[in-house]
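Written below as structure tokens is the structure these notes are about.
The values are calculated or read from the model by the stated rules, or taken from the named source; none is laboratory data. Given the structure is predicted, the values throughout are model-derived calculations rather than measurements. Counting neighbours? That spans all protein chains shown, and the Cβs are built from the backbone with ideal geometry, glycine included. Accessible surface is based on the protein model in full, side chains and every heavy atom, while ligands, DNA and RNA are left aside. Shrake-Rupley method; radii C 1.70, N 1.55, O 1.52, S 1.80 Å.
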Amino acid sequence: MRILTARLTGFRNLADGDYEFSPGVNLLIGSNGQGKTNLLEALNFAAFGRSHRGARSEELIRFTDQHLHVSLAVDQASGVRQDHEFGLDREGGRRFRIDGQLVTRRADLVGRLATVFFRPESVELVRDGPEARRRFADQSLASLDSGYLAALMAYQRALRQKGRLLADVRRGARREADAARELAAWNADLAVHAVPIGRRRGEWSSLLAPYADAIYQDLAGSPAPLEFQWRPRLQAFAPARLASATDEELAADILAEFDYIRPMELRRGRPLAGLQFDDFLVRLGERDLRVFGSQGETRTAAISLVLAQSDVVFRQRRVRPVLFLDDIFSELDRERARRLQERSARNHQVFIATARADDVAGWEPDPARRWLVEDGRLTALP
């Protein structure tokens, strides 16, 4: 999959214009704050319908404008061209189209343009708490399976409703006896939606792990393997039970767990069990990298996990996603950077943003285009 061209209007500080990209490597070179990350954000927005930085829609619109519009010509794996476009305005309007057809549901948008994104904050995968790893898993799975995204959104809606109900009971706005039936209904809803989410998290992590290890060994070399393992908090997802139980049996098990802790949840006024407490263990041999990893090990592990997504996408969809790599060479020695360059350019279209020209000096991938980014303007370099 390759982004052939882009037409940008009103996106952050980027100059309006038409851009034609290399089907291989695109190097974006420029000082910090000039617009390199903004361009990656504009191209990737079409893939997920939201900013990878978590920015609100109005923050993406150039401060002198009232709306923005981005149009991409994409070469699908089949060789068929597909047009992706989106527009946002300050009144909250959002429009997405693929080949001229309006896309109104995010579940119908995600995954149509396959991308993998490494950004400086990606090191949080290893260094930070469980939320960063759950977000990584959910975004990866959503791009692979629209059914996963639909189940996750339904689960999150039910969880919010349950949380509000428990908070109302604790502060006396609802009587416990009156809320019991509604709480039981939300628990049942959560249990049903938890089953496909849990199954897919387990399958995905098992599939991702060997690819991440292979990349880690290629970049750094290590006598110990890089491991990535799902750590569910619900007992219903114990490996033996997960392998043998039907969906209906798993949902019943999860509902029983919710019922067991219901008195404690009512006392504390918040949910105390569920998928929102899952974690993923990242380990190098016997060492938990979150606790015992060096800066170089944790960064290389994060890079390996992110890039492994591209192998999983290809394994399941036979599509090579577009790679967006923002400041990926920071803190890497020259040898690891060289190996990463070779791997990233293999079989993929890749956009690499760096503030240090030395990071890519002497690298001559073919085909490639180099761009100087200054004050939001892209200038093709010879």
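Just a few scattered comments:
- Qualifying position, being farther than 28 Å from A345 by Cβ and of a type in the set (V, I, T), among V103, V110: V103
- Selection within the range 274-308 - open to solvent by 20 Å² or more (accessible area, probe 1.4 Å), aliphatic (A, V, I, L, M) and modelled with pLDDT of 95 or more: L281
- Failed criterion for R181 (all others in (1) free of Cβ contacts under 8 Å to residues at least 40 places away in the same chain; (2) in contact with a strand residue (DSSP E or B) (Cβ under 9 Å, 6 or more places away or on another chain) hold): (2)
- Among residues of the range 210-231 that are under 17 Å from R334 (Cα atoms) and polar (S, T, N, Q), none has a Cβ under 6 angstrom from a residue that is surrounded by 19 or more Cβ atoms within 10 Å (Cβ to Cβ) and modelled with pLDDT of 95 or more at a sequence gap of 6+ or on a separate chain.
- Hits in the range 335-353 (condition: modelled with pLDDT of 95 or more and not small (G, A, S)): Q349, V350, F351, I352
- Note on the range 52-152: enclosed helices (runs of 4 or more DSSP H) holding 2 or more residues that are open to solvent by 30 Å² or more (accessible area, probe 1.4 Å) and of a type outside the set (D, E) are 130-144.
- Per the listing A42, A6, the residue uniquely surrounded by 21 or more Cβ atoms within 10 Å (Cβ to Cβ), touching a residue at least 60 places away in the same chain (Cβ under 8 Å) and either farther than 21 Å from F314 by Cα or in contact with a Phe, Trp or Tyr (Cβ under 9 Å, 6 or more places away or on another chain) (or both) is A6.
- For the residues R200, R241, the requirement of being part of a helix (DSSP H, G or I), open to solvent by 60 Å² or more (accessible area, probe 1.4 Å) and touching an Asp or Glu at 6+ places or on another chain (Cβ under 9 Å) singles out R241.
- All conditions but one from (1) open to solvent by 70 Å² or more (accessible area, probe 1.4 Å); (2) over 20 Å from A212 (Cβ atoms); (3) not basic (K, R) apply to V373; the one that does not is (1).
- Hey, A252 part of a helix (DSSP H, G or I), open to solvent by 20 Å² or more (accessible area, probe 1.4 Å) and not polar (S, T, N, Q) or not: yes
- Filtering the range 22-43 to residues that are farther than 24 Å from F63 by Cα and part of a strand (DSSP E or B) leaves V25, N26, L27, I29.
- Restricting the range 186-197 to residues that are among the β-branched types (V, I, T) and free of Cβ contacts under 8 Å to residues at least 60 places away in the same chain, the residue that is most open to solvent (accessible area, probe 1.4 Å): V192
- Evaluation of T246 against (1) modelled with pLDDT of 95 or more; (2) closer than 15 Å to L208 by Cα; (3) not charged (D, E, K, R) (one fails), failing number: (2)
- Residues being of a type in the set (G, A, S) and over 23 Å from D138 (Cα atoms) - total across the range 3-53: 10
- Count of the range 1-21 residues, restricted to those that are closer than 18 Å to T115 by Cβ and assigned to a strand (DSSP E or B), is 8.
- Set side by side, the residues A42, A73 differ, and just one is among the small types (G, A, S), under 15 Å from F324 (Cβ atoms) and at pLDDT 95 or above, which is A42.
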